[in-house]
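The structure appears below as structure tokens.
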Amino acid sequence: MMEQLSPEVKYNLITRNLQEVLGEEKVKQILQERELKVYWGTATTGKPHVAYFVPMSKIADFLRAGCEVTILFADLHAYLDNMKAPWELLELRVKYYEQVIKAMLESIGVPLEKLRFVKGTDFQLSREYTLDVYRLSSMVTEHDAKKAGAEVVKQVEHPLLSGLLYPGLQALDEEHLKVDAQFGGVDQRKIFTLAEKYLPSLGYTKRAHLMNPMVPGLTGAKMSSSEEESKIDLLDSKEDVKKKLKK
């Protein structure tokens, strides 16, 4: 039988080792009444790397705190981000990510039956979601959309419209997944603040945001799934790892 934890202990579990929390009081208030509903999303672009163990360990903390946790395989986002995942490969990418993420979670003792796994295109192509995309697009300025995606969406000389849609869709996911909080890396902060600014304009509740620190990549910036030289892949051999570390 699971030990009954106080709201204070739950909050400390939820927020330990995070770099920043937006909406602390909101989280504390919810914990006084019920369990927190939180989601973590990952765009299914390149192969996951060792830095994914950072969010995996936090997901373990969320479950210990009694949270209802959803993991989103954001396949549509992977396509919108300069087609890092071609449309014809989306389904295969999702299957690969699902196998890898589940294996990582099991390796650190996380019970998979307590998690809800969702694929982006399972709800992001619905009539209700699509209507919200249009409604949000009529409110968000080009400046805000570009600024929000600056640290997440691939920056190119001639930006595509799809990259400007990306942050708004991530904001809408909070409402359509019916969560209280979104969890992600601190590189997502500008997307999180965009969500806090615009969701209330659609009549939706402002969510809390939980951010873990980023693991530096081998090339100096953050470790990235879509940048081969920046990461140590989970499937890299010993020789590959040694070669990358010597560069």
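Every number in this text was worked out from the coordinates using simple rules, so none of it is lab data. Keep in mind the model is a prediction, meaning the values are calculated, not measured. No Cβ is skipped: glycine too gets one built from the backbone with ideal geometry, and neighbour counts run over all protein chains shown.
Restricting the search to segment 189-214, which residues are buried (at least 17 other Cβ atoms within 10 Å of the Cβ) and aliphatic (A, V, I, L, M)? Within segment 189-214, Ile191, Leu194, Ala195, Leu199, Ala208, Leu210, Met211, Met214 qualify.
Pro167 fulfils the conditions (1) within 13 Å of the chain's Cα centre (by Cα); (2) closer than 24 Å to Glu88 by Cβ except for a single criterion, (2). Screening segment 103-120 for residues that are touching a Phe, Trp or Tyr at 6+ places or on another chain (Cβ under 9 Å) and in contact (Cβ under 8 Å) with a residue 12 or more places away in the chain and picking the one that is farthest from Val153 (Cα to Cα) gives Ile108. Working carefully through the options Val38, Val27, find the one that is surrounded by 22 or more Cβ atoms within 10 Å (Cβ to Cβ), in contact with a Phe, Trp or Tyr (Cβ under 6 Å, 6 or more places away or on another chain) and in contact (Cβ under 8 Å) with a residue 60 or more places away in the chain. Only one candidate passes the filter, namely Val38. Residue count for segment 59-80, restricted to those that are crowded, with 23+ Cβ neighbours inside 10 Å, of a type outside the set (A, V, I, L, M), more than 16 Å from Lys154 (Cβ to Cβ) and under 15 Å from the mean Cα position of the chain (by Cα): 3.
Scan Lys242, Lys231, Lys246 and give me the residue that is farther than 30 Å from Leu31 by Cα and in contact with a strand residue (DSSP E or B) (Cβ under 6 Å, 6 or more places away or on another chain). Quick ask: steps written out before the conclusion?
Values: Lys242 fails: in contact with a strand residue (DSSP E or B) (Cβ under 6 Å, 6 or more places away or on another chain); Lys246 fails: in contact with a strand residue (DSSP E or B) (Cβ under 6 Å, 6 or more places away or on another chain).
The conditions single out Lys231.
Considering Lys244, Lys197, Lys222, the condition of being over 19 Å from Thr42 (Cβ atoms), within 19 Å of the chain's Cα centre (by Cα) and of a type in the set (D, E, K, R) is satisfied by Lys197 alone. Of all residues in segment 81-95, those satisfying the criterion of being on the phi < 0 side of the Ramachandran plot and surrounded by 15 or more Cβ atoms within 10 Å (Cβ to Cβ) are Asp81, Lys84, Ala85, Leu89, Leu90, Arg93, Val94.
Look at Glu142 and say whether it is surrounded by fewer than 18 Cβ atoms within 10 Å (Cβ to Cβ), out of contact with any His (no Cβ under 9 Å at 6 or more places or on another chain) and free of Cβ contacts under 8 Å to residues at least 12 places away in the same chain. In short, no.
Regarding Leu18, is this residue surrounded by 18 or more Cβ atoms within 10 Å (Cβ to Cβ) and not small (Gly, Ala, Ser)? No.
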